[in-house]
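Peer 1: Before we start, here is the structure in question, set down as structure tokens.
What follows is calculated from the coordinates using simple rules that are stated; it is not laboratory data. Here the structure is a predicted model, which is why all the values come from computation and not from measurement. FYI the Cβ positions are ideal-geometry reconstructions off the backbone, even for glycines, and counts take in every protein chain you see.
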Amino acid sequence: MSNAPSPYGCHTNAFDPYPYDFCGSYSNSKIPEKAAKPPHTFFSVDWVETAIEHVVVADIPGMDKEDVKVQMEDGKVLEISCERIGQMVGVTDKWHERTTGRCSRRFPVPENAVGEKVTAHLDKGVLTVTLAKKEEENDKIKVVEISG
């Protein structure tokens, strides 16, 4: 067995489905530790349209209500932003995987949504934002009688 570093990092198999993170995060790589890890700059979102409303569900685990901000810009853009501040300031430690920083997502609001009627609820790291839909305008439909 050779003492030379493996070209596959700390693994000996190029087809390993978990090539990093479980064995020292790019331990044999020439890439600096902070540059090697992809930043978590966004959160996953589902947007669902029902008959009466639009519902946006965002996964933001570990966030408190005070860390999250939901804003509506001119009734046309929905912005969800959050910020996590480091909890252990001044503590010397060896490893960080939990991210700190800010992230935000901006979404164009559909024309059939009412920008003024927005509610938000945060429960167990899941943010639910509800936008009411405009009522359908049936006044524009005119039934024309057929003579004959």
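Peer 1: Can you put Leu131, Leu122 in order, fewest other beta carbons within 10 Å first? Before the final figure, lay out the partial values.
Peer 2: Working: Leu131 24, Leu122 19.
Starting with the residue having the fewest Cβ neighbours, the order is Leu122, Leu131.
Peer 1: What is the spin-label model distance, in nm, from Glu79 to Asp64 if the labels are put 7 Å beyond Cα along the C-beta direction?
Peer 2: 2.4
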